[in-house]
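Since the structure comes first, as structure tokens, the remarks are kept for the end.
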Amino acid sequence: MTEQAVLEVNFPVKGGDFAQAGDVSTKLKRVLQQLGLETSLVRRIVIAACEAELNIVIHAYSGSLKARVSPDKVEVWAEDEGPGIADVELAMQEGYTTAPDHVRALGFGAGLGLPNIKKNSDFMEIETTLGKGTTLYLRFDHEQQVR
Amino acid sequence: MTTYFHSVRLDESKCRGCTNCIKTCPTEAIRVRDGIAVIDSNRCIDCGQCIKVCPNRAKSAFTDERSAMDGFRYRVALPAPSFFAQFRSDIEPGRVIAALRHAGFTHVYEVGYAARAVARAIASYVESSEGPFPIISTSCPVVVRLIQVRFPDLLKNVVPLEAPMEVAAYLARAEVMAETGCSDEEIGVFFLTPCPAKVTAVHQPVGQNKSRVNGAFSIADIYPEVFHLLEKVDEVDPVRSGPVGLNWARAGGESEDVNLDEYLAIDGLDNIIALFEEVELGRLRNLKFIEAQSCPGGCVGGILTVENPFIAKVRLGRLARTLPDVEFDMSSLPAEELRIRQDLSPRPILSLDDDFSEAVRKMSEIDRLMELLPMLDCGACGAPNCRALAEDIVRGQAQLKDCIVTLRQQSQEDHPSGNEPEDSVTLKEEKKR
Ligand SMILES: Nc1ncnc2c1ncn2[C@@H]1O[C@H](COP(=O)(O)OP(=O)(O)OP(=O)(O)O)[C@@H](O)[C@H]1O
Ligand code: SF4
Ligand SMILES: [Mg+2]
């Protein structure tokens, strides 16, 4: 049996750093493109990863984006140290946001991030502890099995 | 593998391998190998940045010779809107058009006039489109090629319409045939170009099997001749571009003509790349339309123009005031002549290997090499930065010993006697243990 090829990457994300918001997702995009993944799959992952990255920047203190790319799926973990989410069901609703005014002035905080992540991923799970932090687990299945 | 036509070329006899050009290339298409620059034809998008920065004038733009007109009974000049901005503002466009008719052309058709039709078509396409947004203009061929090689996911955002030059060629041919009763083959159509990218668009059009334009002459080449003719010719031809059509020569002019609310007009390749990265992250969905021009300031900043782009822009403003507004008569143009006839296909350059496991292996190898490289991005190895060298190495196009910094460190640390290490990777690994 041959060993399954798997690639793991891990990028730190700084909370509150709006100037660099999106940079990590752009780096992840490049990795996925270099691995030759399908454009439509890359798009879904990158859009979801960017929303997750932004949530760390906006709502948490610090965190990271990890990805594991396997022949049949891509998994992403967005982990942060932050306030946690009090009511996950509510947070998942379109339009629900706790983003403060100065963040909304920058064009974020429409309350569409988590719903958009759900739309673009094949599986999504939120683990959160108030006062400690949040971990978002996402899975994306390859539309075509890669060799 | 497909070989692509390129206007941007290298004169090897002039190249001194100075590495100035490799860092300015937006697609990392240039390497210096054995002391001479090499352009990767799959990656080059003909933006001409390397022509601008080469201190030895080793890079140049191929444009057609005037003899390309020989043998055509009717010869049509298609001046780009930027052409008119090359002349002093007291020289009205009508005189320039008349002078062109004395420079070997039998007819002149203003691309700025055809642009009016393209603007109407873009507006109705965007208004009836269901996305994906933002929709991106095709008027600058550098931008279209940039998307093909670096942002293949955005190809579906590209407006499936011809650029004004192609539409002008169709309209010019129709007009000359109607006027003279000649056949299509008797007509030669020649674009007066501000940039090498349009030359490439003529000789290897994207999204279309064959261009209706027969050749492209550099504005810089034809300018002196027309300038001298202006002294002799005192005719004034009618001008159809109008102020709005003429304004396509500068960044923002197209958007004004298209006239939509949620648009962005952006110029300069670095700005465009940064914007497209954001679009790919899904962050600009509220934007409806992007006009993007590779050259700073728009086509007046094209490298084959003669006038300073800032002066040219001021002139456009003055000229515009002298011109009557002419609306384009859309009934003269069948809708299918505006549409790009073939799919824009991606030309992705990023994938390390078609085989996933192999790509993963190469990716890990790149990470390992990045630990060894100095991360100075000095360019001395001939690659634009350390990461590009690492990628070249795993693709088998370079070796670690091309990095002189690593090489020197290794020979100093491990071989104080001065023996050349054969392979510095193994040496470094030995040292780590
Ligand atoms: N990592 C997180 N840590 C703490 N709270 C979070 C986190 N992610 C989301 N939330 C909470 O869930 C709410 C909804 O998140 P969602 O991403 O859907 O919208 P948003 O971030 O407020 O706005 P948008 O994503 O549209 O910019 C947030 O306003 C916030 O209260
Ligand atoms: S902006 Fe205009 S001149 Fe510059 S490359 Fe694009 S089409 Fe050519
Ligand atoms: Mg969010």
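The values are calculated or read from the model by the stated rules, or taken from the named source; none is laboratory data. Just so you know, these numbers come straight off a predicted model, no measurement behind them. Glycine also receives a Cβ, built like all others from the backbone with ideal geometry; neighbour counts cover every protein chain displayed. Ligands, DNA and RNA are excluded from the accessible area calculation, which covers all protein heavy atoms including side chains. Shrake-Rupley method; radii C 1.70, N 1.55, O 1.52, S 1.80 Å.
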For this session: Any chance you could look up the accessible area of B:L389 with a 1.4 Å probe, heavy atoms only, rounded to 10 Å²?
Result: 10 Å²
For this session: Do me a favour and compute the ellipsoid semi-axes for chain B from its Cα gyration tensor, root of five times each eigenvalue, largest one first, whole Å.
Result: 45, 24, 19
Problem set entry | Near-label residues of segment A:116-139 by backbone N, under 11 Å of a point 7 Å along Cα→Cβ of A:E89 | none
For this session: Just need the relative contact order of chain B here, percent rounded to a whole number, with Cα pairs under 8 Å and 6+ apart.
Result: 20 percent
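Applying 1/(1 + (r/R0)^6) with R0 = 41 Å to the Cβ-Cβ distance of A:K118 and B:E256, what FRET efficiency is obtained, to the nearest 0.05?
0.55
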For this session: Using only protein heavy atoms and a 1.4 Å probe, report how much of B:K198 is accessible, in Å² to the nearest 10.
Result: 20 Å²
Problem set entry | Relative packing of peptides B:216-229, B:305-318 - highest average C-beta neighbours within 10 Å first | B:216-229, B:305-318
For this session: Take the Cα coordinates of the protein assembly as shown, assign each an equal point scatterer, and use the Debye formula without solvent to give log10 I(q)/I(0) at q = 0.11 Å⁻¹.
Result: -1.08
Exercise. If you find the alpha carbon centre of segment A:59-90 and of segment B:242-271, how far apart are they in angstrom?
Worked result: 40 Å
For this session: Using only the alpha carbons, work out the radius of gyration and Dmax of segment B:81-240 in angstrom.
Result: 17.2, 54
Problem set entry | Those residues of segment B:279-315 whose amide nitrogen sits under 19 Å from the label point placed on B:L264, 7 Å along Cα→Cβ | B:279-298
Problem set entry | Exposure ranking of A:K14, B:K210 by accessible area [1.4 Å probe, largest first] | B:K210, A:K14
For this session: Please give the net charge around A:A49, taking every other residue with its beta carbon less than 15 angstrom from that of A:A49, where Lys and Arg add +1 and Asp and Glu add -1.
Result: 0
Exercise. At a Förster radius of 22 Å, what calculated FRET efficiency corresponds to the Cβ-Cβ distance of B:R66 and B:R9, to the nearest 0.05?
Worked result: 0.70
Exercise. In Å², what does the accessible area per residue of the protein assembly as shown work out to with a 1.4 Å probe?
Worked result: 45 Å²
For this session: Nearest 5 is fine: what % of DSSP beta bridges in the protein assembly as shown come out antiparallel, could you say?
Result: 65 percent
Problem set entry | Around B:S137: net Lys/Arg minus Asp/Glu count, Cβ-Cβ under 9 Å | -2
Problem set entry | For residues of B:359-368, the mean tally of beta carbons on other chains within 10 Å | 4
Problem set entry | In Å², nearest 10: area of A:W77 left accessible to a 1.4 Å probe | 60 Å²
Problem set entry | Cβ-based charge dipole, the protein assembly as shown, positive-most Cα from B:M375, B:L264, A:V42 | B:M375
For this session: On a C-alpha basis, how far is the centre of segment B:1-68 from the centre of segment B:349-364 in Å? Whole number, if you could?
Result: 27 Å
Seminar exercise, completed: With all protein chains present and a 1.4 Å probe, the order of B:Y109, B:Y4, B:Y263, A:Y61 from largest accessible area down is A:Y61, B:Y263, B:Y4, B:Y109
Exercise. Under the definition of Cα pairs under 8 Å and six or more residues apart, what whole-number percent is the relative contact order of segment B:66-187?
Worked result: 32 percent
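Evaluate E = 1/(1 + (r/R0)^6) for A:R104 and B:C378, where r is the Cβ-Cβ distance and R0 equals 45 Å; express this FRET efficiency to the nearest 0.05.
Details: r = 44 Å, r/R0 = 0.97.
With a Förster radius of 45 Å, E is 0.55.
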Problem set entry | By accessible area with a 1.4 Å probe, ligands and nucleic acids excluded, highest first: order of B:M370, B:M363 | B:M370, B:M363
For this session: Between the alpha-carbon centers of segment B:157-230 and segment A:28-55, tell me the distance in whole angstrom.
Result: 40 Å
